[in-house]
1. Quick one: order LYS255, LYS141 from most to least accessible surface, probe 1.4 Å.
2. Taking each pair of distinct Cα atoms in region 210-253 once, what is the resulting Kirkwood hydrodynamic radius in Å?
3. Starting at the first residue of region 116-127, write each ³J(HN,Hα) from the Karplus equation 6.51 cos²θ - 1.76 cosθ + 1.60 with θ = phi - 60°, in whole Hz, x for Gly and Pro.
4. Sort THR5, THR160, THR85 by accessible area with a 1.4 Å probe, largest first.
5. Could you rank the peptides 179-185, 99-105 by their average count of other C-beta atoms within 10 Å per residue, with the highest value first?
6. With θ taken as phi - 60° and the coefficients 6.51, -1.76 and 1.60, list the Karplus ³J(HN,Hα) couplings across region 18-25 in order, rounded to whole Hz; mark glycine and proline as x.
7. Which order do you get for PHE256, PHE249, PHE210, PHE162 if you rank them by accessible area with a 1.4 Å probe, largest at the top?
8. To the nearest 10 square angstrom, what accessible area does PHE208 show with a 1.4 Å probe?
Amino acid sequence: MYASTVRGLLVRGMLAGLIAGLFAFAVAYVVGEPPVRGSIAVEEAAAAQDAASAPSGHAGHGGDAASGEAAEEEEELVSRPVQSTVGLATGVLVYGVALGGIASLAFSFALGRVGGFSPRATAALTGAGAFALVYLVPFLKYPATPPAVGNPDTIGQRTTLFFLMILLSVLLGVGAIILGRRLAPRLGNWNATLAAAGGFIVATALAFVFLPDNSDAVQPGFPAALLWEFRVASLAVQLVLWAVFAVVFGVLAQKFLAARADGAEVTAQQQAPALG
């Protein structure tokens, strides 16, 4: 019975993630693509300026042919129109479905264990917690940057640090929940929640202090307004994704669990005469 319930919630979580991904794609295309195009324009302008300032002697002895070959090598395998439409939609939808499934499993574990909340309220708490732990906290330490504006030699290190921050954030969040549950019998739910939240903030602040910064994530001279616009757009995409997921999954989970409860009650009533 429990396994079938979790499976049903998993399917509905993935469906909710797909729907949330559609909304997130719309926001990413309308709000996120302009700063991406702007950052690419900045990169192309810088590359053209570097090429213009290069010594003219480098163009001799077949330099024009070499430049043509280099341009062909650097030509994108997937065009920008495809990247900004089909590619973006595919990435966001797959991301939404995957995280929707994971969040539904977290919801299955949290339901009934974090207070007497309804499925809708538990879905809202799950969505808010996932947004904070998986994106917001890591974003505050390592904010998003537009493509091709950082040092390409350190992209591996920067990616590793970002995922390490996600892992630490999730582990600290789980630890805060466990701490709050253990303190609740002695301090009461409200005081235990405050203590657990305070512990999470302190531990996160220490992680921010001791983890290295992305000092070369953005090239010097990159427009600050464009960088800010990109980061706000990235934050908006994630906020819409998790908000829509929480609402849609809350409705689906509420109906599913109510139907299963009604079915179990009918089954029990039908078995009662036989047992009597």
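1. LYS255, LYS141
2. 13.2
3. 3J(HN,Hα) across region 116-127, in whole Hz: x, 8, 6, x, 5, 5, 5, 5, 5, 5, 5, x.
4. Most to least solvent-accessible, the answer reads THR160, THR85, THR5.
5. My ranking of the peptides, most packed first, is 99-105, 179-185.
6. These are the phi-based 3J(HN,Hα) values: 5, 5, 5, x, 5, 5, 5, 4 Hz.
7. Of PHE256, PHE249, PHE210, PHE162, the descending order of accessible area is PHE210, PHE162, PHE256, PHE249.
8. Accessible surface of PHE208 is approximately 60 Å².
The values are calculated or read from the model by the stated rules, or taken from the named source; none is laboratory data. These numbers come from a predicted model, not from an experiment. Every residue, glycine among them, receives a Cβ derived from its backbone with ideal geometry; neighbour counts consider all protein chains shown. Areas reflect the complete protein model, heavy atoms only, side chains present, ligands, DNA and RNA absent. Shrake-Rupley method; radii C 1.70, N 1.55, O 1.52, S 1.80 Å.
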